[in-house]
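**Q** This structure is in structure tokens; I'll ask about it shortly.
Values quoted throughout were computed directly from the atomic coordinates according to the rules given, and no laboratory measurement underlies them. Predicted model only: the values in this text are computed from it and were never measured. As a convention, Cβ positions derive from the backbone with ideal geometry for all residues, glycine included, and neighbour counts pool all protein chains shown.
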Amino acid sequence: SGRSSSPSRRSTVTRPGRSLQNSTARRRASTAKKILKWRKGNEVISKGNMTHFMPTNGIYLYQRKFKDKRIIVIMNGNDTAKSIDMSRYKEILKPGEGGIDIISGEPFICSPRMEFAPRASYIIDMTP
């Protein structure tokens, strides 16, 4: 009858770029899990004082403080990397000051001028 007697088979043909899409989806899911896990034990994300700055050139930055905890969130909403003068944020972030980016686990040290990757977000734990 021309039909296979084996159970349903999946096509091995995939669209170009599909593995890249799956890789991106896995990376985003992993990042989301990391942020959600970190957020569970950190009241600083939802309580206390917030200082935020109007977005400039697609960069949005804000700080949250609660008790002895402090975080700074930086988001680049651009499709390209952006280099910005950080003096605008001196009220909350001075050159040489730093913390740990909870997304990447990498140290973050403020410089007078910084570049932020396209569509990137940073959550900097500034807690001493």
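**Q** Residue separation times 0.36 nm, minus the C-alpha to C-alpha distance between residue 88 and residue 66: what's the value?
**A** 5.7 nm
**Q** Output wanted: per-residue J couplings in Hz (rounded whole) for the range 28-40, from phi through Karplus 6.51 cos²θ - 1.76 cosθ + 1.60, θ = phi - 60°, x for Gly and Pro.
**A** After applying 6.51 cos²θ - 1.76 cosθ + 1.60, I find 5, 5, 5, 5, 4, 4, 4, 5, 4, 5, 5, 5, 3 Hz.
**Q** What residues from the range 97-128 fall in the zone where the backbone N is under 11 Å from a label point 7 Å along the Cα-to-C-beta line of residue 73?
**A** 122-124
**Q** Which trypsin sites (Lys or Arg not before Pro) from the range 69-128 combine a DSSP loop assignment with at most 12 other Cβ atoms within 10 Å?
**A** Sites meeting the loop and neighbour criteria: 90.
**Q** Whose amide H sits under 5 Å from the amide H of residue 53, counting only residues 5 or more places off or on another chain, with H placed in the peptide plane?
**A** Those qualifying (amide H under 5 Å, at least 5 residues apart or on another chain) are 61.
**Q** Could I ask something else about it? Run down the aspartates and glutamates and flag those whose C-alpha is under 16 Å from the C-alpha of residue 82, throwing out any fewer than 8 positions away in its chain.
**A** Leaving aside aspartates and glutamates fewer than 8 places away in the same chain, those within reach of residue 82 are 115.
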